[in-house]
Amino acid sequence: MMKKHIRNAGVFLLLLILEITFISAWPSYSDAADAAADISGTELRPSELYARYAVLMDAESGRILFSKSGDTAAPMASTTKIMTCILALENGGLTDEVTASNEAAAQPEVKLGMREGQKFLLRDLLYSLMLESHNDTAVAIAEHIGGSVKGFAEMMNTRARELECTSSYFITPNGLDAKDEIGFHHTTAADLARIMKYCIMESPMKEKFLEITRTDTYTFSDCNNSGSYVCTNHNAFLKMMDGALTGKTGFTADAGYCYVGALESKGRTFIAALLACGWPNNKGYKWADTRKLMSYGMENFFYREAGPSSDISGFLTVSNGYIEGFPDSRSVNITVFEQGEPVRVLLRKDEQIERELQTAENITAPVSAGDRLGEAVYSVSGIRIASYPVLAKEPVEERTFHVCLRYVFRLFFLSGMQ
């Protein structure tokens, strides 16, 4: 009987130990940020994508979160039209009348079928451009906005340089394969993502861009009501993933299937850009790659703050300085602080924010409170994400003979009078 009680007590003790161990090993989260930080990152390998060239970008900061040969130049087919659309929105009026030229009417399929001399409102042609990707429409818009296709291409290349898309070159407004004496019509996945970032985050016409590219169907006629046209949105991504914002497909014989799209999830906006993502019989590759890139972003990247907070301070050495005490030292340490508000940055769980204090090699007195003495630079994986001025919190006098004499006078004469 005693042995049975001992055995039961031993089993109870074992179960109690296991329960305590299990409870102590179970993670507890103090807030949502802790929960997000504990999500295990799933590495995405370039070999898992069909596209030869691809990037995933944080649309807020422009930081590249993933790249597969993202800086390699390649033709981009009709993804070109996001640049055509945004320039037309910024430089034209929606009620402008656009006249079709012979060159526009002669463009190959896919086309609206406009006739030479036919007039359309620019607003209507922008839906034709972005929903159906009509090549004749792109040329008509380019000629109206830039005076000629060549003039509009100059506008496209100027804007690309302004956006620091240094590896892009535009020849056509519709993305058809082309070459000239300078080079071939091309971009990179990284540059294409930067252009989309501008279209949806920075352009003064970003809301109209999103409105057009998110429309399911659009019906219009020419200015003489002599023809009726229906445009249907061919961007399957809009109905493929929750939070899909916009996108543009493309295909030519040289470029293969291409795509650039954006998605918003829990306050984060991601842009995926794909070039050379399969050729005929592989039309679905771009959708598989887009889903994979967007899912990778949503599952692995969360916001953290980078930059100064109220408890960040430090010390810098000032040569030939004097604050208090006998001025026999050639340098003193003063308190400094960083000025500015923290910024949000999307980071993987395993990424670290690095801080570097950059100051002159020799800071010499005098220093006034509030003087800028350098800057604090915050970076992730060597990429600068923010910087803040470092300011003196207190003044430092110059250590001179007069300062030393004044100190001696106060020490011996004023103290002796008390």
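The values are calculated or read from the model by the stated rules, or taken from the named source; none is laboratory data. Bear in mind the structure is a predicted one, so any value in this text is a computation, not a measurement. Here the Cβ is made from the backbone with ideal geometry for all residues, glycine too, and neighbour counts use every protein chain on show. The accessibility values were calculated without ligands, DNA or RNA, using every heavy atom of the protein model including side chains. Shrake-Rupley method; radii C 1.70, N 1.55, O 1.52, S 1.80 Å.
The set of residues in the stretch 203-241 being more than 14 Å from Leu129 (Cα to Cα), of a type in the set (Ser, Thr, Tyr) and part of a loop (DSSP other than H, G, I, E, B) consists of Ser203, Ser226. Among the numbered criteria (1) open to solvent by less than 70 Å² (accessible area, probe 1.4 Å); (2) farther than 27 Å from Val318 by Cβ; (3) modelled with pLDDT of 90 or more; (4) not basic (Lys, Arg), which one does Gln352 miss? Among (1) open to solvent by less than 70 Å² (accessible area, probe 1.4 Å); (2) farther than 27 Å from Val318 by Cβ; (3) modelled with pLDDT of 90 or more; (4) not basic (Lys, Arg), the lone unmet condition for Gln352 is (1).
Annotation: of all residues in the stretch 371-400 being within 19 Å of Ala360 (Cβ to Cβ) and of a type in the set (A, V, I, L, M), the one that is nearest to the chain's Cα centre (by Cα) is Val377. Scanning the stretch 206-240 for residues that are out of contact with any Ser or Thr (no Cβ under 9 Å at 6 or more places or on another chain) and of a type in the set (Ser, Thr, Tyr) gives Thr215, Ser226. Checking each residue in the stretch 177-216 for being without any contact (Cβ under 8 Å) to a residue 40 or more places away in the chain and either among the hydroxyl-bearing types (Ser, Thr, Tyr) or surrounded by 15 or more Cβ atoms within 10 Å (Cβ to Cβ) (or both) picks out Ala178, Asp191, Lys206, Leu210, Arg214. Residues in the stretch 227-243 that are of a type in the set (S, T, N, Q) and in contact (Cβ under 8 Å) with a residue 12 or more places away in the chain: Thr232, Asn233, Asn235. Which residue pairs have Cβ atoms closer than 7 Å, lie 6 or more positions apart in sequence or on different chains, and pair a first residue in the stretch 139-164 that is touching a residue at least 12 places away in the same chain (Cβ under 8 Å) and under 18 Å from Thr188 (Cα atoms) with a second residue that is of a type in the set (Gly, Ala, Ser) and open to solvent by less than 30 Å² (accessible area, probe 1.4 Å)? Partner pairs satisfying both residue conditions: Ala160/Ser168. Only one entry of Leu129, Leu192, Leu112, Leu176 meets the criterion of being closer than 22 Å to Thr252 by Cα, at pLDDT 95 or above and in contact with a strand residue (DSSP E or B) (Cβ under 6 Å, 6 or more places away or on another chain), and that entry is Leu192. For the stretch 235-244, give me each residue that is within 20 Å of Glu207 (Cα to Cα) and either open to solvent by 30 Å² or more (accessible area, probe 1.4 Å) or in contact with a His (Cβ under 7 Å, 6 or more places away or on another chain) (or both). Answer for the stretch 235-244, where residues must be within 20 Å of Glu207 (Cα to Cα) and either open to solvent by 30 Å² or more (accessible area, probe 1.4 Å) or in contact with a His (Cβ under 7 Å, 6 or more places away or on another chain) (or both): Leu238, Lys239, Asp242, Gly243.
Sort out for me the strands (runs of 3 or more DSSP E) sitting completely within the stretch 41-106 that have 2 or more residues that are under 20 Å from the mean Cα position of the chain (by Cα) and either surrounded by 23 or more Cβ atoms within 10 Å (Cβ to Cβ) or not basic (Lys, Arg) (or both).
Passing ranges, in order: 53-58, 64-68.
On the basis of being at pLDDT 95 or above, surrounded by 16 or more Cβ atoms within 10 Å (Cβ to Cβ), of a type outside the set (Ser, Thr, Tyr) and farther than 21 Å from Tyr53 by Cβ, does Phe220 make the cut? Taking the combined requirement at face value, the residue satisfies it. With respect to (1) touching a Ser or Thr at 6+ places or on another chain (Cβ under 9 Å); (2) β-branched (Val, Ile, Thr); (3) touching a residue at least 60 places away in the same chain (Cβ under 8 Å), the lone exception for Thr246 is condition (3). Does Ser168 count as modelled with pLDDT under 95 and more than 30 Å from Phe302 (Cα to Cα)? Considered against the rule, which asks whether it is modelled with pLDDT under 95 and more than 30 Å from Phe302 (Cα to Cα), Ser168 comes out as no.
Answer yes or no as to whether Phe120 is touching a residue at least 24 places away in the same chain (Cβ under 8 Å) and assigned to a helix (DSSP H, G or I). Spelling it out, it is not the case that Phe120 is touching a residue at least 24 places away in the same chain (Cβ under 8 Å) and assigned to a helix (DSSP H, G or I).
Matching residues to (1) of a type in the set (Phe, Trp, Tyr); (2) surrounded by 14 or more Cβ atoms within 10 Å (Cβ to Cβ); (3) free of Cβ contacts under 8 Å to residues at least 60 places away in the same chain:
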residue: Tyr296; (1), (2), (3): yes, yes, no
residue: Asn320; (1), (2), (3): no, yes, no
residue: Val332; (1), (2), (3): no, yes, no
residue: Asn362; (1), (2), (3): no, no, yes
residue: Val367; (1), (2), (3): no, yes, yes
residue: Arg372; (1), (2), (3): no, no, yes
residue: Glu394; (1), (2), (3): no, no, no
residue: His402; (1), (2), (3): no, no, yes
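Filter the stretch 307-323 for residues that are over 26 Å from Glu361 (Cβ atoms) and either at pLDDT 70 or above or of a type in the set (A, V, I, L, M, F, W, C) (or both) and give the result. Result: Ser309, single match.
Residue count for the stretch 155-167 satisfying the condition of being part of a loop (DSSP other than H, G, I, E, B) and open to solvent by 20 Å² or more (accessible area, probe 1.4 Å): 4. Checking Phe152, Phe120 one by one, the residue that is open to solvent by less than 40 Å² (accessible area, probe 1.4 Å), out of contact with any Leu (no Cβ under 8 Å at 6 or more places or on another chain), of a type in the set (Phe, Trp, Tyr) and over 21 Å from Gly261 (Cβ atoms) is Phe120 and no other. Scanning the stretch 245-278 for residues that are under 16 Å from Met57 (Cα atoms) and among the acidic types (Asp, Glu) yields a single hit, Glu264.
The strands (runs of 3 or more DSSP E) found entirely in the stretch 247-362 that carry 2 or more residues being aliphatic (A, V, I, L, M) and over 30 Å from Lys208 (Cβ atoms) are 313-319, 331-338, 353-359.
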